[in-house]
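Asks: I'd like to ask some things about the structure below.
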Amino acid sequence: MYKPLKGKMDISKITQIPDNVLEVIFSFLTLRDLRNCSLVCKKWYSFLNDENNDVWRLHCIRKLAEEALKSDLLSSVPTYKAKLRAFYHAWNPNDCSRNIYIKPNGFTLHRNPVAQSTDAARGKIGFRHGRHTWEVIWEGPLGTVAVIGIATKDAPLQCHGYVALLGSDDQSWGWNLVDNHLLHNGDAQGNYPLLNNAPKYQVGERIRVILDCDDNTLSFEKNYEFLGVAFRVGDTCVPSPIDLPQLCDPDLRIFVSFKD
């Protein structure tokens, strides 16, 4: 039978634990436990706030594939903690079409060349509050339809034929990179960006998705140029899906950073 300890814990003894001992202890804890530990005292908060210490490095080594750590995939992500955060928000292998698989690096999505099928994938974690950004790079031909955007957890991830799945109902909002049309609730919402003869997406260009849950807006950047607000969306949980209906076998990488 559990019995609570009597008296208060002497916090001074906790703060006297050497840093090298803390590193070993913290490296075996879960992320939720580490968050709780950061609330114990100022020393622990300061220690865990160092995003490049050995605690976060060891967690990275355990969770991220060696390919992801050694390649330029995360070269723009400055700290171990940020790399770990990106991994936990990247593609969800358990929340995608059966025609899609996530490569071992955890950040590259691949669609099998299945005829007459439109397929999508979502990120691991959805958002309700705050401001969030993530980047997508298309490494293969776009095909007939190529849509990026956001959706609720109720949006479908696969359908028959070649259609713009993302934006096909009231649960998703998408930008079709092939014809520069915005899509929601099954209808085209106009051209995007609002430029005369706006250039089409070229393979390899970086698209940054910007979701502001506080202002209920969805915007995009291309090659670090802000393209304007694309949608005003409802107050819903919106993970990050992408639509892949083409016959080719493209690879798509997602790079994630967050601003809460």
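The values are calculated or read from the model by the stated rules, or taken from the named source; none is laboratory data. All of these numbers come straight from a predicted model, not from anything done at the bench. Reconstructed Cβ throughout: ideal geometry from the backbone, glycine too, with neighbour counts over all protein chains shown. Just so you know, the surface numbers come from the protein's heavy atoms only, side chains and all, with ligands and any DNA or RNA stripped out. Shrake-Rupley method; radii C 1.70, N 1.55, O 1.52, S 1.80 Å.
Asks: Give me the accessible area per residue for segment 1-123, probe 1.4 Å, as a whole number in Å².
Replies: Accessible surface, normalised per residue, equals 62 Å².
Asks: Add -39500 (n - 2.57) for each DSSP H run of 4 or more in the chain, then divide by its residues: what number comes out at 222 nm, to the nearest 500 deg cm²/dmol? Mind showing how you got there, number by number?
Replies: Values: 7 runs with 52 residues, N = 260.
So the helix-based figure for the chain works out to -5000 deg cm²/dmol.
Asks: Which value, in debye to the nearest 20, describes the size of the charge dipole of the chain about its Cα centre when Lys and Arg Cβ atoms bear +1, Asp and Glu Cβ atoms bear -1, and nothing else is charged?
Replies: Details: 30 positive and 30 negative charges, 254 e Å.
Its charge dipole is roughly 1220 debye.
Asks: Can I ask one more? Can you compute the equivalent ellipsoid semi-axes for segment 110-245, i.e. the square root of 5 times each eigenvalue of the Cα gyration tensor, sorted largest first and rounded to whole Å? Write down the numbers at each step before the final one.
Replies: On the way: eigenvalues 82, 67, 39 Å².
After scaling each eigenvalue by five and taking roots: 20, 18, 14 Å.
Asks: Can you flag which of 81/153; 81/222; 81/200 are past 30 Å Cα-Cα?
Replies: Checking Cα-Cα distances, 81/200 exceed 30 Å.
Asks: What number comes out for the charge environment of residue 93, summing +1 per Lys or Arg and -1 per Asp or Glu over other residues with Cβ under 10 Å away?
Replies: On the way: positive: 103, 124; negative: 95.
Cβ neighbours under 10 Å give a net charge of +1.
Asks: Each label point is 7 Å from the Cα along the Cα-to-Cβ direction; what then is the distance between the points at residue 76 and residue 62, in nm?
Replies: Rounded to a tenth, the inter-label distance reads 3.0 nm.
Asks: Could you give me the ³J(HN,Hα) list for segment 37-46, computed from phi with Karplus coefficients 6.51, -1.76, 1.60 and θ = phi - 60°, whole Hz, x at Gly and Pro?
Replies: Each residue of segment 37-46 in turn: 5, 5, 9, 6, 7, 5, 5, 5, 4, 5 Hz.
Asks: Tell me, what ³J(HN,Hα) does each residue in segment 174-184 have, in order and in whole Hz, if you take phi through Karplus 6.51 cos²θ - 1.76 cosθ + 1.60 with θ = phi - 60° and put x for Gly and Pro?
Replies: x, 10, 7, 6, 6, 10, 6, 9, 8, 10, 7
Asks: Now a separate question. Name the long-range amide H neighbours of residue 217: under 5 Å, sequence gap of 5 or more, or other chain; modelled H, no Pro or chain starts.
Replies: Excluding prolines and chain starts, which carry no amide H, the hits are 212, 233.
Asks: Among 174, 126, 149, which one shows the biggest mean-square fluctuation in a GNM of the chain, springs joining Cα atoms closer than 10 Å?
Replies: Among 174, 126, 149, the largest GNM mean-square fluctuation belongs to 126.
Asks: Using the C-alpha gyration tensor of the chain, what are the square roots of 5 times its eigenvalues, in whole angstrom, with the largest one first? Spell out each step's value before the answer.
Replies: Working: eigenvalues 313, 74, 62 Å².
Three semi-axes, in Å: 40, 19, 18.
Asks: From Cα coordinates alone, what are the radius of gyration and Dmax values for segment 16-108 in angstrom?
Replies: Answer for segment 16-108, Rg first and Dmax second: 15.1, 53 Å.
Asks: Residue 101 to residue 17: FRET efficiency via 1/(1 + (r/R0)^6), r the Cβ-Cβ distance, R0 51 Å, to the nearest 0.05? Write down the numbers at each step before the final one.
Replies: Numbers: r = 43 Å, r/R0 = 0.85.
Efficiency, from the Cβ-Cβ distance: 0.70.
Asks: Check cross-link reach from residue 13 to the aspartates and glutamates: straight Cα distance under 17 Å, and skip same-chain residues fewer than eight apart.
Replies: Leaving aside aspartates and glutamates fewer than 8 places away in the same chain, those within reach of residue 13 are 23.
Asks: A follow-up question, please. What's the carbon and sulfur percent of the chain's accessible surface, probe 1.4 angstrom, rounded to a whole number?
Replies: Details: 7150 of 13740 Å².
Using a 1.4 Å probe with all protein chains present, the chain comes out at 52 percent carbon and sulfur.
Asks: Quote the charge dipole size of segment 46-146 about the Cα centre in Debye, to the nearest 20; the model charges only the Cβ of Lys and Arg (+1) and of Asp and Glu (-1). It would help to have the intermediate numbers written out before the result.
Replies: Numbers: 14 positive and 10 negative charges, 67 e Å.
Dipole about the Cα centre, nearest 20: 320 debye.
Asks: Still on this model: Among 71, 26, 15, which residue has its Cα positioned farthest towards the positive end of the charge dipole of the chain, with +1 placed on the Cβ of Lys and Arg, -1 on the Cβ of Asp and Glu, and the dipole taken about the Cα centre?
Replies: After comparing all options, I get 15.
Asks: Further question on the same structure: So what is the relative contact order of the chain, in percent, for Cα pairs below 8 Å that sit 6 or more residues apart?
Replies: Numbers: 542 pairs, mean separation 57.2, N = 260.
For the chain, the relative contact order is 22 percent.
Asks: By how many degrees, between 0 and 90 and to the nearest 10, does the Cα long axis of helix 54-63 differ from the longest principal axis of the chain?
Replies: 50
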